[in-house]
1. For region 2-14, indicate whether the set of residues that are at pLDDT 90 or above and not hydrophobic (A, V, I, L, M, F, W, C) is non-empty.
2. Tell me whether region 92-112 contains one or more residues that are at pLDDT 85 or above, of a type in the set (A, V, I, L, M) and in a loop (DSSP other than H, G, I, E, B).
3. Has region 211-226 got any residue that is within 21 Å of the chain's Cα centre (by Cα), on the phi < 0 side of the Ramachandran plot and without any contact (Cβ under 8 Å) to a residue 24 or more places away in the chain?
4. Being closer than 21 Å to R244 by Cα and either of a type in the set (S, T, N, Q) or outside any helix (DSSP H, G or I) (or both) is true for just one of I160, I168. Which residue is that?
5. On the given criteria, is Y50 under 30 Å from P207 (Cα atoms), in contact (Cβ under 8 Å) with a residue 24 or more places away in the chain and either of a type in the set (K, R) or in a helix (DSSP H, G or I) (or both)?
6. Are any residues in region 154-192 aromatic (F, W, Y) and touching a Leu at 6+ places or on another chain (Cβ under 6 Å), and if so, which ones?
7. Please work out which one of (1) free of Cβ contacts under 8 Å to residues at least 40 places away in the same chain; (2) in contact with a Ser or Thr (Cβ under 8 Å, 6 or more places away or on another chain) is the condition A294 fails and give its number.
8. Pull up region 18-72, narrow it to residues that are within 12 Å of R210 (Cα to Cα), polar (S, T, N, Q) and over 18 Å from the mean Cα position of the chain (by Cα), then point me to the one that is surrounded by the most Cβ atoms within 10 Å (Cβ to Cβ).
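The values are calculated or read from the model by the stated rules, or taken from the named source; none is laboratory data. On a predicted model such as this, the values are computed, not experimentally measured, just so you know. Neighbour counts are summed over all protein chains in view; Cβ atoms, including those assigned to glycine, are modelled from backbone coordinates with ideal geometry.
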Amino acid sequence: MRTPFIVRLGRSFDARSWQLVGLFAAFALVAVPVMHLLLPPENPLYLSTYFITLTGKILCYAIVAVAMDLIWGYGGILSLGHGLFFALGGYAFGMYLMRQIGRDGSYQSDLPDFMVFLDWKELPWFWVGSDSFLWVALLVLVVPALIAFVFGYFAFRSRIRGVYFSIITQALTYAAMLLFFRNETGFGGNNGFTDFKRILGFSITAPETRVVLFGLSALALIGTLLLARYLVTSKFGRVLTAIRDAESRVMFIGYNPLWYKLFVWTLSAMLCAIAGALYVPQVGIINPSEMSVANSIEIAIWVAVGGRGTLIGPVIGAFIVNLAKSWFTVSFPEYWLFFLGTLFIVATLYLPQGVVGLWVRLRAGRRRDEDAPMAVAKGAEA
């Protein structure tokens, strides 16, 4: 008899992990709304709008980091172009937000302001239906998934891997960035989309809306972790890890690596797109710079710093790097890239398993120190 899905999902986490998930959900869905909406600003427990926006943004980054860990940590596929899928999800949802502005824009037109500025008379064909939330939600998932599927199919079928695959993904996102920089593509050129007013009829800058977006980002991260954990602990995950370690042997025993790699690659792209769609209404802007190669490389650094192949490590890495970035870009903006490069080198050379690996080693060393006196005492008694 086949074990029900909910039972298999429950078994993928131990009791302590479920407790941590519950605590995080309670903090994000109960404590944060209370501390931001109900407490007065002078209260020491009050959470500011800056905290809500920054943490919500990093939660979206954490989703991207987990998506990268699925393909790199468990599949051995290093992508330097995942910023493309993140930006595509943001642009797809940004189209809806631009349509929601209506006649409240600078030119009081039914068209977005940048189209009026460029003297466009009607919406491009790919903007049709962008005023529908459900249609745009579908675009957020379908467009990145389709691009990832087509690209991945030809790449994996040709058995392109390693540094060659990384270079191709890097070139793909760079080409897309150059395309979106052009005004005639219909995506706002180098300015992108900004000046959003409403989402589903609610003011996008209202505190209640920010809290809801924060909660949705937290739920999306929890869902991403649950799905990823379920996959990597299943038979699919064991086969994927075997493909990472010895693809030729997996092929020899009868498995076709193409469909395993293609599935996890496409799923990873969709998770990045969801993160991008949640990111845009919280930060209030999306432009082609989100597709830059530097951003995609930074995603890999989050995973490397936190711990590749651990799922929770990339989440920790995303928080560490982006909190450091928030401080550096304000206090020492000219030194941020030097710090980021140094962090990556140190993590690669001295922390191959990232922060999570360091924590595991420290705990193991402490246990050995605690067990040593007991072993000596038992030896003396013998």
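1. So far as region 2-14 goes, no, none of its residues is at pLDDT 90 or above and not hydrophobic (A, V, I, L, M, F, W, C).
2. Scanning region 92-112 turns up at least one residue that is at pLDDT 85 or above, of a type in the set (A, V, I, L, M) and in a loop (DSSP other than H, G, I, E, B).
3. Yes, region 211-226 contains a residue that is within 21 Å of the chain's Cα centre (by Cα), on the phi < 0 side of the Ramachandran plot and without any contact (Cβ under 8 Å) to a residue 24 or more places away in the chain.
4. The match here is I160.
5. no
6. Selection gives F156 alone.
7. Checking A294 against (1) free of Cβ contacts under 8 Å to residues at least 40 places away in the same chain; (2) in contact with a Ser or Thr (Cβ under 8 Å, 6 or more places away or on another chain), the one that fails is (2).
8. The selected residue is T49.
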